[in-house]
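Read through the structure below, which is laid out as structure tokens, and then see the notes.
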Amino acid sequence: MTDKLKLLTPATLILDDKSYSLPTYMGVEGEKAIDITKLRSQTGYVTLDDGYGNTGACESAITYIDGEKGILRYRGYPIEELAAHSRFVEVSYLLLYGELPNSEQLLKFSTRLNESSIIHEDVHHFFNGFPRGSHPMGILATMVASLSTFYPLPDRLDAETEVQIVANLVSQVRTIAAFSYKKSIGEPLVYPSIKYKYTGNFLNMMFSSPVRDYQLDPDIVRAIDMLLILHADHEQNCSTSSVRTAGSSMANVYAVITAGIAALWGPRHGGANQEVIKMLEQIHAEGGDGTEFINQAKDKNSGRRLMGFGHRVYKNFDPRAQVLKEHCDKLLNKPGINDPLLDIARRLEEIALKDDYFISRKLYPNVDFYSGLILRAAGIPTNMFTVLFAIGRMPGWLAHWREMIHGEQVTIYRPRQIYVGETLRHYQDIKERV
Ligand code: CMC
């Protein structure tokens, strides 16, 4: 335990007529926890917490969330202030190194990112091996894991190598993402350029071609940059926990980040932004107003959920969704952009927010409800949405990896289970089996 935790009055646990005293602690924002690290050795019991909803797996100084009040802060700074005033590269530095950079630090960091943006030329061959139509998340996971073979790590990480790994991953994730898109549409790769800043560079790699220059639209660059900021960290979510789990074995960091990408892909996590658009397109194609879809989402037997609604932690509102909603309205009202899916999204939101099913379960629009609409307005194809989430989440994953490996001790993640399978039985020869 660090000295940031305040020791409170111990909790008393009575089990099998015996009494145990369990230490309790309070974090700097008043969150309270019962320390059960000695529970099994003292009592023989473990805790049962499916999905870890009540388990604090670590101490962390990176991101603070209060799901009831709709608060999200990176290193103490409210997400609303960062979204309004900062840029993704600055926020990445903040998450990774704990403080907002001064001008000199920011210039050094941006320059390092720019200089690290080119991936090893031999990596390009891998892109040719993927079948046409491969999902870009599959390509991203494979390519990030492959970086471990191109940038071998020393047995002991020194400070300079660590800074370079971070720069490689934060910078190259966007190059890999753009290359995988170019491959999927059969166009030549566009290299990163020193002329552009982080987000503009990515959009240029995605959309320019030898026969067509891409004109950066400052409103779109700003909207995508903000979207990356809003996705940059979210404490112990499914993908970040996967990064910490894989990282706790002291595995190679490129492999560790690949674990995060794999977890992010699922439709209940980062894959939800893609699912929201699929849902809106389906409603549009069927010509309905969404009522029918909502009725199906309320019926457990339908296997459907209202995508972009609900959150494990936010039970009041998702502050990221509020920032994005405002931006989404502004961007989608720009002349020349007219997306019929926005009206369907507004209508769905209106119906769901008045519906007792959603109200009683505290299901509100989450960040992914709006992010897909912004990405569509920017011309990003739907199957790239989760990749954009991964670009945004990269500094968060790396900040957690750094926090873990620099902690007082790295304890390997190894939960217990309650076994409910067959009890002891003995091997039968195949001829005797029915
Ligand atoms: N549509 C319909 N019903 C829902 C939904 C939904 N989107 N989300 C939860 N429910 C119901 C669920 O059926 C359950 O009902 P009951 O109490 O009658 O059994 C109740 O609400 C609680 O659901 P849960 O699955 O126990 O809640 P959770 O906190 O474990 O799940 C969630 C959170 C995000 C996985 C879930 O709300 C969901 O699947 N939402 C849709 C997918 C989505 O938008 N995901 C993006 C999350 S934001 C991006 C990120 O941070 O990853």
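The values are calculated or read from the model by the stated rules, or taken from the named source; none is laboratory data. Predicted model only: the values in this text are computed from it and were never measured. Positions of Cβ are generated from backbone atoms using ideal geometry, with glycine treated the same way; all protein chains shown enter the neighbour counts. What goes into the accessible areas is simple: the full protein's heavy atoms, side chains included, and nothing from ligands, DNA or RNA. Shrake-Rupley method; radii C 1.70, N 1.55, O 1.52, S 1.80 Å.
Side notes on the structure shown:
- Spherically averaged projected area of the chain from its Cα convex hull (nm²): 28.0
- Table column - 3J(HN,Hα) (Hz), region 312-325, Karplus curve with 6.51, -1.76, 1.60, x for Gly and Pro: 4, 9, 6, 10, 9, 8, 9, x, 5, 5, 5, 5, 5, 4
- Nearest-ten-degree value, helix 136-150 long axis tilted from longest Cα axis of the chain: 80
- Region 1-104 - percent relative contact order, Cα under 8 Å, separation 6 or more: 13
- For the residue pairs LYS197/LYS334; LYS69/LYS362; LYS108/LYS197; LYS69/LYS298; LYS298/LYS362, alpha carbon separations beyond 18 Å are given by LYS197/LYS334; LYS69/LYS298.
- Which of TRP265, TRP401 is most accessible, then next, and so on - probe 1.4 Å: TRP265, TRP401
- Computed from backbone phi, the HN-Hα couplings of region 176-184 come to 4, 4, 5, 4, 5, 5, 4, 4, 5 Hz, rounded to whole numbers (Karplus: 6.51 cos²θ - 1.76 cosθ + 1.60, θ = phi - 60°; Gly and Pro given as x).
- Residue-wise HN-Hα coupling along region 212-217, computed from phi with Karplus coefficients 6.51, -1.76, 1.60 (Hz; x: Gly, Pro): 8, 6, 9, 8, 5, 9
- Residues THR142, THR24, sorted by accessible area with the largest first, give THR142, THR24 [1.4 Å probe; ligands and nucleic acids excluded].
- For ILE62, the amide hydrogen comes within under 5 Å of no other amide hydrogen, counting only partners 5 or more places away or on other chains and with H modelled in the peptide plane.
- For PHE309, the residues 5 or more places off, or on other chains, whose built amide H falls under 5 Å of its own are ASN366.
- Accessible surface for GLU432 stands near 120 Å², nearest 10, in the context of the full protein assembly shown (1.4 Å probe).
- Residues listed by number, region 99-143, amide nitrogen under 16 Å from LYS197 label point at 7 Å toward C-beta: 101-114
- Full extension of the chain between ASN295 and THR24 gives 93.1 nm of extra length, using 0.36 nm per residue less the Cα-Cα distance.
- The simple spin-label model puts a point 7 Å past each Cα toward its Cβ; for ARG416 and LEU189 those points are separated by 5.0 nm.
- The stretch between LYS4 and GLU350 holds 120.2 nm of extra length on full extension. This uses 0.36 nm per residue minus the Cα-Cα distance.
- Volume per residue that the Cα convex hull of region 276-434 spans, once the total is divided by residue count, Å³: 255
- Whole-number percent relative contact order across the chain, with pairs defined as alpha carbons under 8 Å at least 6 apart: 19
- Using C-alpha pairs under 8 Å with a sequence gap of at least 6, the mean separation divided by the residue count of region 6-56 gives a relative contact order of 24 percent.
- CYS238 accessible area, 1.4 Å probe, all protein chains in place, Å² to nearest 10: 80
- Dividing the summed helix terms, -39500 (n - 2.57) for each DSSP H run of n ≥ 4, by the number of residues in the chain produces a 222 nm estimate of -15500 deg cm²/dmol to the nearest 500.
- Farthest towards the positive end of the charge dipole of the chain, among the residues SER41, PRO10, PRO319, is the Cα of SER41, using unit charges on the Cβ of Lys, Arg, Asp and Glu.
- Remark on ASP35: its backbone amide H falls under 5 Å from those of THR24, TYR25, a criterion applied only to residues 5 or more positions apart or on other chains, H modelled at 1.01 Å from N.
- Solvent exposure of ILE118, expressed as accessible area, is near 90 Å², computed with a probe of 1.4 Å over the protein chains only.
- Filtered trypsin sites (Lys or Arg not before Pro), region 136-226: DSSP coil and at most 11 other beta carbons within 10 Å: ARG156, LYS195
- Accessible surface comparison of LYS334, LYS325, probe 1.4 Å, protein chains only, largest first: the order is LYS325, LYS334.
- Residues ILE359 and ILE14, FRET efficiency given R0 of 45 Å [Cβ-Cβ distance, rounded to 0.05]: 0.75
- Taken about its Cα centre, the chain carries a charge dipole of about 480 debye when Lys and Arg each add +1 at the Cβ and Asp and Glu each add -1 at the Cβ.
- Most fluctuating residue given options LEU264, LEU72, LEU48, as computed from a GNM of the chain linking Cα atoms under 10 Å: LEU48
- Once the Cβ-Cβ distance of GLU104 and LYS431 is raised to the sixth power relative to R0 = 60 Å, the FRET efficiency obtained is 0.20.
- Note that region 6-56 shows a convex hull volume over its alpha carbon atoms of 82 Å³ per residue.
- Of ASP155, ASP66, ASP343, the one that fluctuates the most in a GNM where the chain has Cα springs shorter than 10 Å: ASP155
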